[in-house]
Amino acid sequence: MSIFQRIATLTKAAINEGLNKLEDPILMTGQYLRDLDDKIAGAESKQRELTAAAALLERRHTDNLALAEHCEADAVTAMREGNEPAARAALEAKLRYLETAQTSLASLEQTRSTLAALEVDLAHAKAEFERLKAKRAELTERARKAAELAKQAAPQGERYGQPGAYGYPLHTGSASRGFERMENKINEWESHAEVSAKRYGSIDPAMNSAVEAELERLRQRKSE
């Protein structure tokens, strides 16, 4: 599993605990973004480590190849001089250097592969962070407007049940899916606020007639 497949994922227990304590999608989305930003920072640190490791492995590979060539030259010289034991020792050293060079090369290729995958994931995570940050700003404004509309539309006694009275309840999963669910929830709030505005923003004709009748009754009583 890729690092950034887990980058914005919270455990269900943590989600439930957060919802129970906060029940506020503005705070929840902010926490998602902070967690994601921390993961990105950690990945960037890992990227720097891998880059340094790749440079070291590349230098080690090059150095060992150079040493192997030097040993080859020493072996040739020793054989030319009739010093076979020295030639043997030089060739043994050459083979050890070549083995080390091959090991360094394999590690270098693996490190470069890991680094390339990490860089792709980092680019995706940074783009996702910017997208979610913009989405949070949008959802924050929509939630504020929905809560304000519901608060203004509802009678005083009913306002404490509207979104915004004690926060903005919303269930979230991973960062991206959580934002989508928040948007769906805010859609519900907007619909609820519109219904409330229509319900309390206009007077029921039947109720109006009844009120007028009561007023007339009191007027008659007053004139008696």
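The values are calculated or read from the model by the stated rules, or taken from the named source; none is laboratory data. Everything numeric here is computed off the predicted structure, so don't read it as measured data. Neighbour counts are summed over all protein chains in view; Cβ atoms, including those assigned to glycine, are modelled from backbone coordinates with ideal geometry.
Going residue by residue through region 39-54, is there one that turns out to be within 30 Å of ALA137 (Cβ to Cβ), of a type in the set (Asp, Glu), in a helix (DSSP H, G or I) and touching a residue at least 24 places away in the same chain (Cβ under 8 Å)?
Looking only at region 39-54, we keep the residues that are within 30 Å of ALA137 (Cβ to Cβ), and these are 39-47.
From the residues that got through so far, the ones that are of a type in the set (Asp, Glu) too are 44.
If we keep only those that are in a helix (DSSP H, G or I) as well, we get 44.
Checking the rest, the ones that are also touching a residue at least 24 places away in the same chain (Cβ under 8 Å) come to 44.
Yes: region 39-54 contains one or more residues that are within 30 Å of ALA137 (Cβ to Cβ), of a type in the set (Asp, Glu), in a helix (DSSP H, G or I) and touching a residue at least 24 places away in the same chain (Cβ under 8 Å).
Go through region 103-125 and give me each residue that's under 27 Å from the mean Cα position of the chain (by Cα) and free of Cβ contacts under 8 Å to residues at least 60 places away in the same chain. Steps first, please.
Filtering region 103-125 for residues under 27 Å from the mean Cα position of the chain (by Cα) gives 110-125.
Those that are under 27 Å from the mean Cα position of the chain (by Cα) and free of Cβ contacts under 8 Å to residues at least 60 places away in the same chain: GLN110, ARG112, SER113, ALA116, VAL120, ALA123.
Restricting to region 49-99, count the residues that are within 52 Å of the chain's Cα centre (by Cα) and β-branched (Val, Ile, Thr).
The qualifying residues number 2.
Across region 37-88, which residue is surrounded by the most Cβ atoms within 10 Å (Cβ to Cβ) among those that are in contact with a helix residue (DSSP H, G or I) (Cβ under 9 Å, 6 or more places away or on another chain) and of a type in the set (Ser, Thr, Tyr)?
The residue in question is THR51.
What do you reckon, is ASP63 modelled with pLDDT under 95 and part of a helix (DSSP H, G or I)?
Working: modelled with pLDDT under 95: no; part of a helix (DSSP H, G or I): yes.
Judged against the criteria, ASP63 is not a match.
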